[in-house]
């Protein structure tokens, strides 16, 4: 019958362990650091604009998902009524929920920043053989610093997950 409740198959702890597995493997495989290396290696002022533009077009495509990632990590864990209905002890995991709320917000905002900065770099009025002028290098440096903060957000989320598993 439609609407009939079925037994819950997974526990909150199962969800946390699955998240830990995926996010932990991202760090173990060095995915974040590989992206950073592929986008930011070498001095952008020494590369042709065609090379820099290609890197930042790919980077922007990746960063376009970051605001949604920030939402997707905050929203389900922010619905206290849903969580309580699933048998989650809100107080027991309060620190975890607060970390996800804070870091998810930062992922959301920084994703938008990186998309905007990447677009600014891509749209510089340069031909493919030109080099990025020194006065525009700050865009590349800012993108790298913001990306570092995204890596830090992910690491803080992973740390909060690990701590919540052992709560």
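Quick look at the values:
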read-out: Tilt relative to the chain, helix 66-78 - C-alpha long axis, 0 to 90 degrees, to 10; value: 20
read-out: Semi-axis lengths, Å, segment 90-157, gyration tensor of Cα atoms, sqrt of 5 times eigenvalues; value: 35, 10, 7
read-out: R0 of 30 Å, Cβ-Cβ distance residue 9-residue 155: FRET efficiency to nearest 0.05; value: 0.50
read-out: With Cα atoms, 0 to 90° folded angle of helix 31-40 axis to the chain main axis; value: 20
read-out: Calculated FRET efficiency for the pair residue 95/residue 134, C-beta based, R₀ 41 Å, to 0.05; value: 0.35
read-out: Within the chain, helix-based [θ] at 222 nm, where runs of 4 or more DSSP H residues each add -39,500 (n - 2.57), nearest 500; value: -24000 deg cm²/dmol
read-out: D_trans [Stokes-Einstein, Kirkwood Rh over alpha-carbon pairs] for the chain, 10 °C, 1.306 mPa s, µm² s⁻¹; value: 89
read-out: Of 157, 90, 73, the one that fluctuates the most in a GNM where the chain has Cα springs shorter than 10 Å; value: 90
read-out: Added length on full extension, which subtracts the Cα-Cα distance from 0.36 nm per residue, residue 37 to residue 64; value: 7.8 nm
read-out: Between 0 and 90°, nearest 10: helix 137-165 axis offset from the chain longest Cα axis; value: 20
read-out: Mean Cβ neighbour count within 10 Å, used as a protection proxy, ranking 36-48, 19-31, 108-120 highest first; value: 108-120, 36-48, 19-31
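Read-outs: derived from the displayed coordinates by stated rules, not from any lab. As the structure is a prediction and not an experimental result, all values here were calculated from the model. Every residue, glycine among them, receives a Cβ derived from its backbone with ideal geometry; neighbour counts consider all protein chains shown.
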